[in-house]
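Everything on this sheet refers to the single structure shown next.
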Amino acid sequence: QRAGAVIVESVVSTCVIAAAFGLAVLMAQGGAIPAEGLALMAFVVLAYGIASLFVMLKHGASIGGLMLGLRHVSSVTGELAHGAVVGKQVIKGLVSTITLGLGNIALLILRPPSNQHWVDRAVGVVVVDIKRGRDPRRKAAAPAVARGAAPGPAPVPAQPAMDPALPG
């Protein structure tokens with residue numbers, strides 16, 4: 001699933017960059033790319049970056065993850081981890097840049113059984129598949145009492161354990 005999300009993100013990013021470059025080349029009409037073409041290319045790439053940031057902050061997922069039904073949730077609360085996704089992508093980008101792309105391959109391959117690689121643990125997230133399991137955007141069903149059913153007997157508080165060797 002995660003590898004599929006990375007592939008989708010790579011394809012979408014490549015298409016956006018190729019389209020931006022293609023528009024700039026068309027504006028060049030066989031000569032040097034004019035300043036307007038470069039500005040258009042920069043605008044398209046910036047717009048894609050802003051759209052990616054919006055998706056991460058709103059849905060707790062990257063664009064590829066959103067398309068494939070993957071979400072990042074907090075490993076502590078189980079709620080969507082909006083900002084942590086941005087931090088994760090920044091760390092992955094730095095690792096990828098420093099390792100000339102080899103870091104991404106390692107991140108996809110080297111993962112403990114908990115399905116969390118070190119970047120997930122560093123930012124405190126777990127990736128969940130909402131198509132196969134719980135959707136963190138939906139709240140759990142309310143208890144029966146909240147839906148109007150008669151409440152059961154009140155729980156009896158536990159009595160503290162007494163050590164018979166101690167007076168008291």
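Things to note:
- For the set LYS92, LYS131, LYS58, the ranking by accessible area, highest first and with no ligand, DNA or RNA atoms included, is LYS131, LYS58, LYS92 under a 1.4 Å probe.
- For the stretch 21-88: relative contact order, % (alpha-carbon pairs under 8 angstrom, 6 or more apart): 22
- Shape of the stretch 1-118, Cα gyration tensor, a/c cut at 1.5: prolate
- Database remark: amide H of VAL125 closer than 5 angstrom to the amide H of SER75 (H placed geometrically; neighbours at sequence offset of 5 or more, or on other chains; Pro and chain starts carry no H).
- Of all accessible heavy-atom area on the stretch 8-57, the percent that carbon and sulfur account for (1.4 Å): 82
The values are calculated or read from the model by the stated rules, or taken from the named source; none is laboratory data. Just so we're clear, the structure is a prediction, and the values are computed from it rather than from any experiment. We work out accessible area using only protein heavy atoms, side chains counted, and drop any ligands, DNA or RNA first. Shrake-Rupley method; radii C 1.70, N 1.55, O 1.52, S 1.80 Å.
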